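To start, the structure itself, in structure tokens.
The values are calculated or read from the model by the stated rules, or taken from the named source; none is laboratory data. The structure displayed is predicted, hence computed values, not measured ones. Note that each Cβ is placed from the backbone with ideal geometry, even for glycine, and that neighbours are counted across all protein chains shown. Accessible surface is based on the protein model in full, side chains and every heavy atom, while ligands, DNA and RNA are left aside. Shrake-Rupley method; radii C 1.70, N 1.55, O 1.52, S 1.80 Å.
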Amino acid sequence: MATPAGGRPVTAAAGPARLWVGPCWAVHLGPMLGLDAHRGAVACLAVGVDDDLTVRVDGAPDRTARTLLVPAGLRHRITGGANRAAFVFLEPGRGPAGIVTGHPAEPDLVACAVDGDGPGLRRILVDSGTAPGARAEPDARIARAIAALHRPGGPDLPTGDLAAAAGLSPGHFARLFTRQTGAGLRAYRRWARMRIVAGVVRDGGDLTRAAADAGFATPSHLGLAFRRMFGLPPGRLFRSGLDIRVVPGQVAATTTSAPAATASTRP
């Protein structure tokens, strides 16, 4: 891949839209999809594949950069990027207090996005300390609970049942689970549901089947949860010809943090 004098990689030919869903993280790489203004349930790093992105927050000047880190809970809208961008959704933690522009690893992130490597984007964030990273395999008792949570119906398993299977009290189990995975049970259940949804749709199932297998009461319940997490209804994403990949693995017991102090963190 060539790099011009300005240091930005030459734009690659547009490929298929892709979605990777892992434990407590996800990456969408492709068209902007016309995201509405929304508050995400998790932090999100946006990377312009072809050009800069612009983020708008009510009551603040627009911010334009090739990379934008947006904390959970901040109402915002991202535009630009010549219609293509990578969105990396991160758990745990809310991230910085406001928008962060110009990630310290921006050249590597842009190059990775141009190459179409979603998991590579997250690996760069792990190396930079912006996202939780891999650790040693978790305690066998927690590993069994994780496996159970990712089966159809698993996200609905009561904490007491998971703790009993691990031979621990509910309180001790919940604390150990958070230390081992880096996410509380509630957050981990949410991601487990989304991984099941992605797997069902990838295998040809519809959203009604995906909602049932993931433990949502109705497809509408899935739609509300999905919109709150990612900022758009699932139908708009899954009907866009996605290449969907469900990624195995664990997450580390670290928190999402802002990049180096050289970046601006004003809303």
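Let me spell out the model: positive unit charges on the Cβ of Lys and Arg, negative unit charges on the Cβ of Asp and Glu, origin at the Cα centre of the stretch 96-213. What dipole size does that give, in debye rounded to 20?
Numbers: 15 positive and 12 negative charges, 108 e Å.
So the dipole magnitude of the stretch 96-213 works out to roughly 520 debye.
Provide the descending list of Cα extents for the stretch 94-183 along its principal axes, expressed in whole angstroms.
47, 28, 24
Would the stretch 20-93 count as rounded, prolate or oblate if I go by the C-alpha gyration tensor, calling it rounded below 1.5 in a/c and otherwise prolate when a/b exceeds b/c, oblate otherwise? List each step's numbers first, then the result.
On the way: a/c = 1.90, a/b = 1.14, b/c = 1.66.
Cα axes put the stretch 20-93 in the oblate bin.
What's the carbon and sulfur percent of the stretch 158-202's accessible surface, probe 1.4 angstrom, rounded to a whole number?
It is 54 percent, rounded to a whole number.
So, by mean Cβ neighbours within 10 angstrom, what's the order for 32-42, 68-78 with the highest one leading? Intermediate values should be presented prior to the final figure.
On the way: 32-42: 16.9, 68-78: 20.9.
In descending order of packing, they fall as 68-78, 32-42.
Roughly how many whole Å is it from the C-alpha centroid of the stretch 18-88 to that of the stretch 181-219?
Their Cα centres are 22 Å away from one another.
Ordered by residue, what ³J(HN,Hα) values in Hz, to whole numbers, does the stretch 184-194 give under the Karplus form 6.51 cos²θ - 1.76 cosθ + 1.60, where θ = phi - 60° and Gly and Pro are x?
x, 4, 4, 5, 5, 4, 4, 5, 4, 4, 5
Residue separation times 0.36 nm, minus the C-alpha to C-alpha distance between ARG179 and THR218: what's the value?
On the way: separation 39, 0.36 × 39 = 14.04 nm, distance 3.23 nm.
Gain on stretching ARG179 to THR218: 10.8 nm.
For an R0 of 51 angstrom, estimate the FRET efficiency from the Cβ-Cβ distance between SER169 and ASP203 and round to the nearest 0.05. Each step should come with its number before you reach the end.
Values: r = 38 Å, r/R0 = 0.74.
The pair SER169/ASP203 has a calculated efficiency of 0.85.
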